[in-house]
Amino acid sequence: MNMPAEQPKNYLGLNILGLFGCTIAGIIGIVFALQSKNKWEAGDHSGAEDAAKIAKITGIIGLIGFILLALYIVLVVIVGGAMVAGM
């Protein structure tokens with residue numbers, strides 16, 4: 001049986017950032033990131049890799065939401081500032 005050399009990346013930081021952009025995806029991602037770590041420590045290497053893949057997907061979704069939210073806030077500040085300055 002081939003055992004993986006190292007624990008898969010769990011993308012916990014990416015999912016924490018994703019909480020601000022897409023809360024539901026961030027929460028789901030954090031759950032799977034923590035499951036990945038726990039499964040690896042319990043010896044379930046295949047389960048850890050599967051959980052890490054789901055954590056990665058939800059992390060990407062959350063990151064996209066975070067970027068869109070940041071762009072929206074910047075746009076509101078710029079447009080709002082231009083409207084106030086034009087009055």
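The values are calculated or read from the model by the stated rules, or taken from the named source; none is laboratory data. It should be emphasised that the depicted structure is a prediction, and the values quoted were computed from it without experimental measurement. So basically every Cβ, Gly included, is an ideal-geometry build from the backbone, and we count neighbours across all protein chains shown. These accessible areas exclude ligands, DNA and RNA; they are computed on the full protein's heavy atoms, side chains included. Shrake-Rupley method; radii C 1.70, N 1.55, O 1.52, S 1.80 Å.
Go through the range 55-69 and report how many residues are open to solvent by less than 70 Å² (accessible area, probe 1.4 Å) and either free of Cβ contacts under 8 Å to residues at least 40 places away in the same chain or among the basic types (Lys, Arg) (or both).
Residues flagged as open to solvent by less than 70 Å² (accessible area, probe 1.4 Å) and either free of Cβ contacts under 8 Å to residues at least 40 places away in the same chain or among the basic types (Lys, Arg) (or both) within the range 55-69 amount to 0.
Could you list, in sequence order, the residues of the range 38-54 that are buried (at least 17 other Cβ atoms within 10 Å of the Cβ) and more than 24 Å from residue 67 (Cβ to Cβ)?
Within the range 38-54, 39, 40, 48, 51 qualify.
Under 6 Å between Cβ atoms, at least 6 apart or on separate chains: pull out the pairs that start in the range 23-35 with a residue that is on the phi < 0 side of the Ramachandran plot and end on any residue that is open to solvent by 40 Å² or more (accessible area, probe 1.4 Å) and assigned to a helix (DSSP H, G or I).
Taking only residues 6 or more apart or on different chains, the pairs are 25/61; 26/19; 32/54; 33/12.
When the residues of the range 1-37 are filtered to those that are surrounded by fewer than 14 Cβ atoms within 10 Å (Cβ to Cβ) and out of contact with any helix residue (DSSP H, G or I) (no Cβ under 8 Å at 6 or more places or on another chain), which remaining residue is nearest to residue 72 (Cα to Cα)?
23
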